[in-house]
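Please see the structure below; I have some questions.
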Amino acid sequence: MENRMTFEEEQERKGRTYKLLLWFGMISICMIFGGLTSAYVVSKSRPDWLKDFVLPSAFVISTIVMLASSFTFYGALKSMKNGNRNQTMTLLLITLALGVTFVILQFVGFGQVIENGYFFTGSESNVTTSFLYIAVLVHIAHLFGGITSLLVVIYNHYKQKYNSVQTLGIELSAMYWHFMDFIWVYLFLFFYFFK
């Protein structure tokens, strides 16, 4: 007799596969940022290293915004599991707004660094700010993946593709979003404390 999987078992297996693939992707991203911060540490011995460099205030605010976005994304997932569609959509849209605000604040932070007389590229740049610039831009590039994923989730939620038991898309997007939040907090604390 043929042993066939039920729809629920098939969905659970598919979910495990997608989550495993996402974990592999996130581990490779960790390796990228591990390499960047290692290079930063090695470069500290250079004579042109800025020992008194202070992160711009916009980076502090953007960190708070990013942490808030993780809470709203978590709330959206919880609301969907509770079957509250309206609250889920509201929290997803708030998460999107916070994500866009985070990116804007990163560029405001770049402006603050330049206003303080430090440049990221060119003859007037130095290694400290160049590393900061590269790390933040690489993070923003990966965060755009999260924003794109969030837009897909919002669209699918609008099309009623999720319900209290079928939340895989939201779960995967939330996992990646929380991971990008973790990466930013790591980078912020690294640049803040490692002088």
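Can you pull out the residues in the stretch 135-175 that are aromatic (F, W, Y) and buried (at least 19 other Cβ atoms within 10 Å of the Cβ)? Give the derivation first.
Here is the first cut: in the stretch 135-175, the ones aromatic (F, W, Y) are 144, 155, 158, 162.
Result: Y162, single match.
Within the stretch 16-35, count every residue that is closer than 25 Å to F144 by Cβ and over 21 Å from the mean Cα position of the chain (by Cα).
From the stretch 16-35, those closer than 25 Å to F144 by Cβ are 17-35; that's our starting set.
Restricting the remaining residues to those that are over 21 Å from the mean Cα position of the chain (by Cα) gives 17.
Going through the stretch 16-35 one residue at a time, the tally reaches 1.
Still on this structure, please answer the following. Among what's in the stretch 6-51 and is touching a helix residue (DSSP H, G or I) at 6+ places or on another chain (Cβ under 7 Å) and exposed (fewer than 13 other Cβ atoms within 10 Å of the Cβ), pick the residue that is modelled with the highest pLDDT.
R46
For the structure I just gave you, tell me whether Y176 is among the aromatic types (F, W, Y) and more than 20 Å from W23 (Cβ to Cβ). Steps first, please.
Values: among the aromatic types (F, W, Y): yes; more than 20 Å from W23 (Cβ to Cβ): no.
Answer is no for this residue.
To continue, here is another question. Return the total of residues in the stretch 59-102 being hydrophobic (A, V, I, L, M, F, W, C) and crowded, with 17+ Cβ neighbours inside 10 Å.
Of the stretch 59-102, the ones hydrophobic (A, V, I, L, M, F, W, C) are 59-61, 64-68, 71, 73, 76-77, 80, 89, 91-94, 96-98, 100, 102.
Filter once more, keeping what is crowded, with 17+ Cβ neighbours inside 10 Å: 59, 65-66, 73, 76-77, 80, 91-92, 94, 96, 98, 102.
The number of residues fulfilling the criteria is 13.
Limited to the stretch 146-195, what total is found for residues that are in a helix (DSSP H, G or I), more than 12 Å from the chain's Cα centre (by Cα) and over 19 Å from L96 (Cβ atoms)?
Applying the first criterion (in a helix (DSSP H, G or I)) to the stretch 146-195 yields 146-158, 168-193.
Still in the list and also more than 12 Å from the chain's Cα centre (by Cα): 151-158, 168-172, 188-193.
In the following step, the residues that additionally are over 19 Å from L96 (Cβ atoms) were identified as 168, 188-193.
Qualifying residue count for the region: 7.
The values are calculated or read from the model by the stated rules, or taken from the named source; none is laboratory data. This one's a predicted model, so the numbers in the text were calculated from it and none came from an experiment. Cβ sites come from the backbone with ideal geometry, for glycine too, and all protein chains shown count toward neighbours.
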